[in-house]
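Student: There's a structure below that I have some questions on.
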Amino acid sequence: MPNITERLNSAINSIRFFEKKSQRVENSVELIAVSKTKPISDIEQAIAAGQRHFGENYVQEGVEKVLHFDDSSLTWHFIGPLQSNKTRVVAENFDWIHTIDRLKIAKRLNEQRGVFQKPLQILIQVNISDEESKSGVSPDEVMALATELAQFDRLTVRGLMTIGVKTDDLSVINKQFDKMHQLLQQLKKEFDTVDTLSMGMSSDIEQAIGNGSTMVRIGSAIFGARAPK
Ligand SMILES: *Cc1c(COP(=O)(O)O)cnc(C)c1O
């Protein structure tokens, strides 16, 4: 049995360590605990240890968890691919969506977000490594999409998200993460709601934090390995 409390504390310690190492402000990087495929009891342990931000990839499973906890002190991040026929429950139940790369999906989310709810906090996913298998817009499409999204009153454009390329060559990762940081700076100049860069997973949090990430997404290092889905 993995000890979730210990693993969580060790993830937080790493984040604080890399903040310091790269002269970032303490607590400027938020940990999203990625609980996809993991049972409610694991999330309960993480909550008991003080964790409040959780990431989920699958619509049905994610919404079930949000509704199960029904706890306004928790923040739920949808970090998986989103199809247009599944937007409604995501719009109604999640707080953040990290994977916006199409206007059509955003338009539906805007229509489906409850009028009495806080606007959905959204991030544009960028395919910074230009891999064919990956979702996300290319860097030169970011500004145009953000401009369209900024017109939706039930959505708030908070920034950018990316998934780092799988490589042992840290210079490649650093270069791509630096590009993301520059893109975010450009976006910030145009939109005063922008303050978030969701970048970094277990294998690349040092490079992510060194390049200005404000949210890292860590799953298996906290909850243990996942069974293949
Ligand atoms: C699953 C997932 C993570 C966490 O991955 P781990 O390898 O479990 O740390 C982070 N970001 C995204 C987008 C994911 O799908």
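Student: Taking Ser84 as meeting all but one of (1) free of Cβ contacts under 8 Å to residues at least 12 places away in the same chain; (2) over 16 Å from Leu8 (Cα atoms); (3) among the polar types (S, T, N, Q), write down the number of the exception.
Tutor: Every condition holds for Ser84 apart from (1).
Student: Within the range 176-203, can you find the residues that are surrounded by fewer than 19 Cβ atoms within 10 Å (Cβ to Cβ) and either within 15 Å of the ligand (Cβ to nearest atom) or of a type in the set (Asp, Glu) (or both)?
Tutor: Asp178, Glu190, Asp192, Asp195, Met201, Ser202, Ser203
Student: Looking at the range 155-175 only, could you name the residues that are exposed (fewer than 14 other Cβ atoms within 10 Å of the Cβ) and either part of a loop (DSSP other than H, G, I, E, B) or in contact with a Cys (Cβ under 6 Å, 6 or more places away or on another chain) (or both)?
Tutor: Result: Lys166, Thr167, Asp168, Asp169.
Student: For the range 204-221, what are the residues that are over 16 Å from the mean Cα position of the chain (by Cα) and within 12 Å of the ligand (Cβ to nearest atom)?
Tutor: Ala221
Student: Also, quick follow-up: For the range 23-50, name all the residues that are assigned to a loop (DSSP other than H, G, I, E, B) and either in contact (Cβ under 8 Å) with a residue 60 or more places away in the chain or under 12 Å from the mean Cα position of the chain (by Cα) (or both).
Tutor: Arg24, Ser28, Val29, Ser35, Lys36, Thr37, Lys38
Student: Something else: Six or more apart or on different chains, Cβ under 9 Å: which pairs go from a residue in the range 99-125 that's in contact (Cβ under 8 Å) with a residue 60 or more places away in the chain to one that's small (Gly, Ala, Ser)? Could you list them?
Tutor: Correct list of pairs: Thr99/Gly80; Thr99/Ser135; Thr99/Gly136; Leu123/Gly159; Leu123/Ser198.
Student: Taking into account only those residues within the range 36-52 that are touching a strand residue (DSSP E or B) at 6+ places or on another chain (Cβ under 7 Å) and closer than 12 Å to Leu8 by Cα, which is farthest from the ligand (Cβ to nearest atom)?
Tutor: Step by step, filter the range 36-52, then rank; the result is Arg52.
Any read-out appearing in this document is the output of simple, stated calculations on the displayed coordinates, not a laboratory observation. Remember, it's a predicted structure, so these values are computed and weren't measured experimentally. As a convention, Cβ positions derive from the backbone with ideal geometry for all residues, glycine included, and neighbour counts pool all protein chains shown.
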